[in-house]
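The values are calculated or read from the model by the stated rules, or taken from the named source; none is laboratory data. Bear in mind that the values here come from a model prediction, so they are computed numbers and not experimental data. Glycine also receives a Cβ, built like all others from the backbone with ideal geometry; neighbour counts cover every protein chain displayed.
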Amino acid sequence: MMPFPGGIEANANATLVFSFVAAVIYALALDMPPKWTRTAAKTAAVAILAVLAAMQGGPLLLVTALGLSTVGDAFLSRDGEKAFLGGLASFLAAHIAYVALFVQAGGGLGLLRADAWRGTIALAMAAFSIVMLAALWRRVGPQLRIPIAVYVAAILAMGISALTTNAPLVITGAVLFIASDGLLAAERFLLAAISPHRVWMRYAVWVLYYAAQLAITLGFLLS
């Protein structure tokens, strides 16, 4: 059963399938050396979601956030600190776009006080962000501390602003995004280089990240 009207041959459903196939191809190529073919698969997965959002008349901020995420994916598919900082900057901009989108679509921070479950999730997000930032602060070099702190603040704002919406898929996507970024940070900065956990964490990061982008996209396009 497809999420959009029509069968798999309908433009929207076919586009969604192409995005999913690209995500699977990248997952299969995760352990391969960084090559432009692997970069193409990674960037295509979310880039096609951006195309889908534009095709379906989704909010401009959604298309923008997905587009910026695509740029971040391209950077993070490569090795090196410059690529990492490029990815960090791109995703920072994407989260700011998401915050603006969720605030625009949401009902305000008052919902966090009105609904206990929203407030509980917000507190859990804040606690997780503080613990993660404290752990990273001790492990990264001085030149990365401020950029990482700003990024952690941005993704926390993204998560809390998502909680002000009435779209379960959007909220789920925000939670998955935070989980993905937390695992990515742990894998990159907190684990020993020879840790056996690196393998499954890389796969988990990608699965959570793509599921997050997919959930947020469908949360807006199907509402």
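For segment 184-200, check the following and say yes or no: at least one residue is out of contact with any strand residue (DSSP E or B) (no Cβ under 6 Å at 6 or more places or on another chain), farther than 25 Å from I25 by Cβ and either aromatic (F, W, Y) or buried (at least 21 other Cβ atoms within 10 Å of the Cβ) (or both).
yes
Of S19, S69, which residue is buried (at least 18 other Cβ atoms within 10 Å of the Cβ), polar (S, T, N, Q) and closer than 14 Å to A97 by Cβ? Let's see the steps before the verdict.
Numbers: S19 fails: closer than 14 Å to A97 by Cβ.
When all the criteria are applied, what remains is S69.
Out of everything in segment 77-104 that is closer than 25 Å to P33 by Cβ and aromatic (F, W, Y), what residue ends up being surrounded by the most Cβ atoms within 10 Å (Cβ to Cβ)? Please lay out each step first, then the result.
Pass one, segment 77-104, residues closer than 25 Å to P33 by Cβ: 77-91.
Among the residues that remain, those that are also aromatic (F, W, Y) are: 84, 91.
On the way: F84: 16, F91: 26.
So, considering only residues that are closer than 25 Å to P33 by Cβ and aromatic (F, W, Y), the one surrounded by the most Cβ atoms within 10 Å (Cβ to Cβ) is F91.
Residues in segment 105-116: is at least one crowded, with 20+ Cβ neighbours inside 10 Å, assigned to a helix (DSSP H, G or I), in contact with a helix residue (DSSP H, G or I) (Cβ under 9 Å, 6 or more places away or on another chain) and of a type outside the set (K, R)?
Among the residues of segment 105-116, at least one is crowded, with 20+ Cβ neighbours inside 10 Å, assigned to a helix (DSSP H, G or I), in contact with a helix residue (DSSP H, G or I) (Cβ under 9 Å, 6 or more places away or on another chain) and of a type outside the set (K, R), which makes the answer yes.
Could you please let me know if M125 is farther than 24 Å from V63 by Cα, touching a residue at least 24 places away in the same chain (Cβ under 8 Å) and part of a helix (DSSP H, G or I)?
So M125 fits the description; yes.
If the requirement is being touching a His at 6+ places or on another chain (Cβ under 7 Å), touching a residue at least 24 places away in the same chain (Cβ under 8 Å) and not polar (S, T, N, Q), which of these qualifies: I160, I178, I155?
Working: I160 fails: touching a His at 6+ places or on another chain (Cβ under 7 Å); I178 fails: touching a His at 6+ places or on another chain (Cβ under 7 Å).
That would be I155, the only listed residue that is touching a His at 6+ places or on another chain (Cβ under 7 Å), touching a residue at least 24 places away in the same chain (Cβ under 8 Å) and not polar (S, T, N, Q).
Yes or no: segment 58-66 includes at least one residue that is under 23 Å from F4 (Cβ atoms), without any contact (Cβ under 8 Å) to a residue 24 or more places away in the chain and surrounded by fewer than 19 Cβ atoms within 10 Å (Cβ to Cβ).
Scanning segment 58-66, I find at least one residue that is under 23 Å from F4 (Cβ atoms), without any contact (Cβ under 8 Å) to a residue 24 or more places away in the chain and surrounded by fewer than 19 Cβ atoms within 10 Å (Cβ to Cβ), so the answer is yes.
Enumerate the helices (runs of 4 or more DSSP H) found wholly within segment 1-88, keeping only those where 2 or more residues are at pLDDT below 95 and of a type in the set (D, E). It would help to see each step written out before you state the result.
Details: elements: 11-28, 36-55, 60-76.
By residue number, no helices (runs of 4 or more DSSP H) qualify.
Taking segment 182-211 on its own, how many of its residues are more than 18 Å from M132 (Cα to Cα), in contact (Cβ under 8 Å) with a residue 12 or more places away in the chain and either in contact with a Lys or Arg (Cβ under 7 Å, 6 or more places away or on another chain) or aliphatic (A, V, I, L, M) (or both)?
3
Going by what's in this entry, would A44 be described as out of contact with any His (no Cβ under 9 Å at 6 or more places or on another chain) and surrounded by 18 or more Cβ atoms within 10 Å (Cβ to Cβ)?
On the way: out of contact with any His (no Cβ under 9 Å at 6 or more places or on another chain): yes; surrounded by 18 or more Cβ atoms within 10 Å (Cβ to Cβ): yes.
Criteria met by A44.
Just one of A157, A179, A153 is under 27 Å from G58 (Cβ atoms), within 10 Å of the chain's Cα centre (by Cα) and among the hydrophobic types (A, V, I, L, M, F, W, C); which is it? Break it down into steps so the answer makes sense when it comes.
Numbers: A157 fails: within 10 Å of the chain's Cα centre (by Cα); A153 fails: within 10 Å of the chain's Cα centre (by Cα).
None of the others qualify; the one that does is A179.
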